[in-house]
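So that we are looking at the same thing, I have put the structure below in structure tokens.
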Amino acid sequence: MATTSPNKLSLFPLLSLLCFISIFLLLSLSKRASLSSPNTHRSATVFPPKSDGSLSALSATCDFSDGSWIYDPNPRSTRYTSNCKEIFKGWNCIRNNKTNGLEISKWRWKPKDCDLPSFDPLKFLQTHRNTNIGFVGDSLNRNMFVSLFCMLKSVTGELKKWRPAGADRGFTFLEYNLTVAYHRTNLLARYGRWSANANGGELESLGFKEGYRVDVDIPDSSWEKASSFHDILILNTGHWWWAPSKFDPLKSPMLFFEGGRPILPPIPPAAGLDRVLNNMVNFVEKTKRPGGIIFFRTQSPRHFEGGDWDQGGTCQRLQPLLPGQWGTTEQT
């Protein structure tokens, strides 16, 4: 397990912000494309730049993923404040007096060949009128949901709190009929406790006594209806697949099932994740709304050093890692 665990870094807020901005830009372009061609969507990461910060075409192209973090002592805009009530108390860096909490927002991503436009919440509301946007996944996607909600709420207070089927939380911005919701799920697939049957079985014959049953072909109930409701769906999973405190490889291992039967011989979590992703992609493609736009965001590096979040770990880094520093932090 140790060889497959992600690195522990303290860049979560920065990387999450970059992921969010990238998804916003993709959403904006895809939304425009859907107005002219509802059956065609492109999720490219290369867009034409313009000096005024818009995405209108110029002669050159810009790859937003190729760049570096730069410190900007005078940010171009305040995205939202720590007063946004939707921010989970334990994750509110400013209110919890994180040493460099205010400084984090002064770092911004600078693509090599262009300038990344600032997020415009009012323009986003106008562009995504009559749209349902769903974030499906673990706490990383919850943070993205909170960031989007707080930024949109900064320009309009006309909203209704409600939850689409299975959602953990959600809001509708009434003037624009724009719904943003979060569906919590750790593995995307359905899972639960498994105990050996007194009458025996295939897993029992291999010596398994307890663990977690993971049905790789069945979506978790929290989001099984999300793809047919949301016009835009952002999925994520990753960190929970290597969580020894939950899925101890000896005491409570993941036991994978498909078609209602255990997968034999048993497969490791990495192989189980591959099967889940393949099945969930197929499920979403079959059940998504006409013209629906689907994103899968990759997991962020771990940002705790010196221990996990509940084992004395801290986020000590004050600056983003430089090229070549990846892989130098402590492993889980």
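Bear in mind these aren't lab numbers, they're just calculated from the coordinates by the rules spelled out. For clarity, every value in this text was computed on a predicted model and none was experimentally measured. Glycine also receives a Cβ, built like all others from the backbone with ideal geometry; neighbour counts cover every protein chain displayed.
Quick query: amide H of Phe256 versus all other amide H atoms, modeled in the peptide plane; which residues come in under 5 Å with a sequence gap of 5 or more or a different chain?
Val214, Ile263, Ile267
Cross-link candidates for Lys85: which aspartates and glutamates have Cα within less than 19 Å, leaving aside residues fewer than 8 places away along the same chain?
Glu158, Asp168
While we're on this one: 5 Å is the cut-off here: which amide hydrogens, built 1.01 Å from N in the peptide plane, fall below it relative to Leu178, excluding neighbours closer than 5 in sequence?
Result for Leu178 returns Asn130, Thr131, Phe173.
Mind giving me the FRET efficiency for Lys160 and Lys246? R0 is 41 Å, r the Cβ-Cβ distance, nearest 0.05 is fine.
Working: r = 35 Å, r/R0 = 0.85.
Here the calculated transfer efficiency is 0.70.
Hey, what's the Cα Rg ratio for the stretch 127-253 versus the globular rule of thumb, 2.2 N^0.38 Å? Show your work: numbers first, answer last.
Numbers: Rg = 18.6 Å, N = 127, 2.2 N^0.38 = 13.9 Å.
Dividing the Cα radius of gyration by 2.2 N^0.38 Å gives 1.34.
Let me ask something additional. For the stretch 111-152, what is the convex hull volume of its Cα atoms per residue in Å³? Mind showing how you got there, number by number?
On the way: hull volume 4.2 nm³, N = 42.
So the per-residue hull volume is 100 Å³.
A 18 angstrom limit on the alpha carbon distance is what I want to check against. Which of Lys209/Lys251; Lys110/Lys153; Lys209/Lys246; Lys123/Lys153 exceed it? Don't jump to the answer; show the numbers that get you there.
On the way: Lys209/Lys251 9 Å; Lys110/Lys153 26 Å; Lys209/Lys246 16 Å; Lys123/Lys153 13 Å.
Going by Cα-Cα distance, Lys110/Lys153 fall outside the 18 Å limit.
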